[in-house]
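Down below is the structure, laid out as structure tokens.
The values are calculated or read from the model by the stated rules, or taken from the named source; none is laboratory data. Predicted, not measured: the structure shown is a model, and the values here were computed from it. Cβ coordinates were reconstructed from backbone atoms using ideal geometry, including for glycine residues, and neighbour counts include every protein chain displayed.
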Ligand SMILES: Nc1ncnc2c1ncn2[C@@H]1O[C@H](COP(=O)(O)OP(=O)(O)OP(=O)(O)O)[C@@H](O)[C@H]1O
Ligand SMILES: O=C(O)[C@H](O)CO
């Protein structure tokens, strides 16, 4: 198999590790009247209710209902518009609920924005939780996209007002941490509200993380997690993005009523709640590492928190590739030292706290000793400043930017170790949809720009129009695109760098 084929296999292993059914089965057991999640057990006796919200929740709910059997009484889940149709059309029948399901499925939040359908779902979920007693257990399934699928604005804030504020913040580049800090303070169910309403029932939440650092109170705005944020934090965020003057009166009223904490009660009110992370970027990368090792690569995971502007991140990966090639060729060159300094500066500038350059060295040293090819893995989520009107996504744009950086590096250095190695760079979204495109991501390599020129394609033109999908659709007959279809899971993005010396 070729390096590009290996990179796709490794990416696929990452995605398969976090498929909703796999995660439920790996983390949940039901034996008689005992429900065990990870290492914690709960008694069950036909007293389980289920609610869920998020892009991965349909498959999670189908697997959970199978496991819970007769213990499960009733459920409501809020999932993205059209998801059941897509699953049927793509033959992913095992992610759908069985015809005899006890669950009500409500589809909503088209384009990831809260709407009336999602509001109806949130109302039903609230109603179900309010009716629970100390004898009941509420199983809560949470995944990315959950914030938009569980809107419950605190009156007098309206859905439209909340939606408009969220949109304005997002358009001004607010991070998901900032966005969800504000959302929590305006919601009845977010920021621990759902758990509070379900009290005194036992609440067991299974959470799939799609945020950097896996912060429980940020994922889907933490409906079962006490909020660590205060109202002042909301005001700071609103003023940072110059939105203070445009906040509606209703929002001011709710914020002033909250006075201090944005959580629904104190943390001792959460004694009835157990939150479990069952899927994350780290879990996906761990499996990707296993797959890569079984394919014969010296492998290291560098980070699960790669974030920042896609252009800066692409520069980081390009330098890392050059550093790796130079280390594989000669462990003490001046070029290698300079690259290392530049890499460390970029990591500090991008603020990627968990980045382990030492892990990269371990893989490189192992490879130098064994002659095995190298695989470097990382994950996270970058941001793209949209300047053009093209079609693309952050992963395809990153792959194209890395190709361009490698091309430039090759031109500026003769006798470059880069040219002596075969290099593959893959970036893909684990949800299978990179931006509004039909691809999950793309594969790049050192010679891509030269090959594109010979096909009459100018990489820089496509990049300046944010048109990476159009580029990769045309280039090489589309064979550098990674197309998986919607995976119905999401633990952010995965990058894989594969390097081996060229055969002479
Ligand atoms: N033409 C484009 N080129 C590059 N990136 C784009 C383009 N259009 C949109 N994007 C990026 O795609 C992202 C939105 O797509 P997507 O829905 O995959 O991401 P998301 O909102 O983070 O959702 P999820 O977390 O489920 O992946 C935004 O970060 C946006 O900047
Ligand atoms: O739903 C959300 O808030 C985001 O996907 C982060 O979890």
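Selection of strands (runs of 3 or more DSSP E) fully inside region 393-504 by the criterion of at least 1 residues being at pLDDT below 95 returns 421-429, 493-501. Each residue in region 218-246 was checked for being near ligand 2 (Cβ under 10 Å from one of its atoms) and over 18 Å from residue 274 (Cβ atoms), and 2 of them qualify. Restricting the search to strands (runs of 3 or more DSSP E) fully inside region 1-58 and requiring at least 2 residues that are surrounded by fewer than 21 Cβ atoms within 10 Å (Cβ to Cβ) and modelled with pLDDT of 95 or more gives 28-31, 34-37, 40-43. The listed residues are 341, 358, 330, 351, and the only one of them that is out of contact with any strand residue (DSSP E or B) (no Cβ under 6 Å at 6 or more places or on another chain) and at positive phi turns out to be 351.
Would you call residue 361 touching a helix residue (DSSP H, G or I) at 6+ places or on another chain (Cβ under 8 Å), at pLDDT 95 or above and surrounded by 14 or more Cβ atoms within 10 Å (Cβ to Cβ)? The answer is no for residue 361.
Look at (1) more than 15 Å from residue 8 (Cα to Cα); (2) more than 14 Å from ligand 1 (Cβ to nearest atom); (3) touching a helix residue (DSSP H, G or I) at 6+ places or on another chain (Cβ under 9 Å) and you find that residue 388 fails only one, number (2).
Got a sec? Which of 221, 205, 164, 245 is surrounded by fewer than 16 Cβ atoms within 10 Å (Cβ to Cβ) and within 20 Å of residue 151 (Cβ to Cβ)? Selected residue: 164, the only one of 221, 205, 164, 245 that is surrounded by fewer than 16 Cβ atoms within 10 Å (Cβ to Cβ) and within 20 Å of residue 151 (Cβ to Cβ). Could we say that residue 366 is touching a residue at least 24 places away in the same chain (Cβ under 8 Å) and either within 25 Å of residue 144 (Cβ to Cβ) or away from ligand 2 (no atom under 16 Å from the Cβ) (or both) here? Answer is yes for this residue.
Among residues of region 371-385 being assigned to a loop (DSSP other than H, G, I, E, B) and touching a residue at least 40 places away in the same chain (Cβ under 8 Å), the one that is farthest from ligand 1 (Cβ to nearest atom) is 372. Quick check on region 416-429. Is at least one of its residues near ligand 1 (Cβ under 8 Å from one of its atoms) and in contact (Cβ under 8 Å) with a residue 40 or more places away in the chain? There is at least one residue in region 416-429 that is near ligand 1 (Cβ under 8 Å from one of its atoms) and in contact (Cβ under 8 Å) with a residue 40 or more places away in the chain. What do you reckon, is residue 149 within 25 Å of the chain's Cα centre (by Cα), within 13 Å of ligand 2 (Cβ to nearest atom) and at pLDDT 95 or above? Judged against the criteria, residue 149 is a match.
Screening residue 215 against (1) surrounded by 18 or more Cβ atoms within 10 Å (Cβ to Cβ); (2) within 16 Å of ligand 2 (Cβ to nearest atom) leaves a single unmet condition, (1). Exactly one residue out of 44, 57 is touching a helix residue (DSSP H, G or I) at 6+ places or on another chain (Cβ under 8 Å), in contact (Cβ under 8 Å) with a residue 24 or more places away in the chain and within 16 Å of ligand 2 (Cβ to nearest atom): that is 57.
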